[in-house]
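Below is one structure, written out as structure tokens; comments come after it.
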Amino acid sequence: MSQAPDEEFLSQQGTILKQLANALIEATPEWWTEATLELEMGDEGCGHVISSAAHPADIVTPTDALFAQTFALQDLFEAKSKLFKKAVIRVFREDHDGQESWKFKVEYTY
């Protein structure tokens with residue numbers, strides 16, 4: 001049995017976002033406990049800005065893996081004719097009873 005179109009879109013989006021969050025974590029210095037990736041659509045394509053509120057002077061450039069996942073996300077949204085103007089992906093490390101794990105949140109502007 002195949003998934004409904006919206007379920008398939010959400011499933012694909014979830015997979016891409018997990019890979020994108022992992023690529024963002026890998027691109028940042030190990031001492032960062034949070035990072036923000038801002039994707040902004042413009043006439044020249046998709047702009048990428050990586051930052052950290054705790055380390056504003058650090059400069060981080062997108063990796064090939066990060067570019068690959070942002071392009072996959074862009075292609076997925078274009079296929080649904082609902083391309084975002086801006087996407088903000090935030091990753092952050094949490095500590096639960098001595099166990100650290102990374103979480104992420106995404107916010108789109110259309």
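Condition check ((1) among the β-branched types (Val, Ile, Thr); (2) in a helix (DSSP H, G or I); (3) closer than 16 Å to residue 102 by Cβ) across all residues:
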| position | (1), (2), (3) |
| --- | --- |
| 48 | no, no, no |
| 54 | no, no, yes |
| 57 | no, no, no |
| 76 | no, yes, no |
Out of (1) part of a helix (DSSP H, G or I); (2) touching a residue at least 24 places away in the same chain (Cβ under 8 Å); (3) in contact with a strand residue (DSSP E or B) (Cβ under 9 Å, 6 or more places away or on another chain), the odd one out for residue 67 is which? (2)
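Return the only residue of 25, 59 being within 17 Å of residue 104 (Cβ to Cβ) and among the β-branched types (Val, Ile, Thr).
Of 25, 59, the one residue that is within 17 Å of residue 104 (Cβ to Cβ) and among the β-branched types (Val, Ile, Thr) is 25.
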Could you list all residues from segment 1-50 that are among the hydroxyl-bearing types (Ser, Thr, Tyr) and buried (at least 16 other Cβ atoms within 10 Å of the Cβ)? 28, 33, 36
Unmet criterion (only one of (1) in contact (Cβ under 8 Å) with a residue 60 or more places away in the chain; (2) in a strand (DSSP E or B); (3) of a type in the set (A, V, I, L, M)) for residue 41: (1)
Apart from one, (1) assigned to a strand (DSSP E or B); (2) over 17 Å from residue 108 (Cα atoms); (3) of a type in the set (Ser, Thr, Tyr) all hold for residue 36; the odd one out is (2)
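Any read-out appearing in this document is the output of simple, stated calculations on the displayed coordinates, not a laboratory observation. Keep in mind that this is a model prediction, so the values were computed, not measured. Cβ sites come from the backbone with ideal geometry, for glycine too, and all protein chains shown count toward neighbours.
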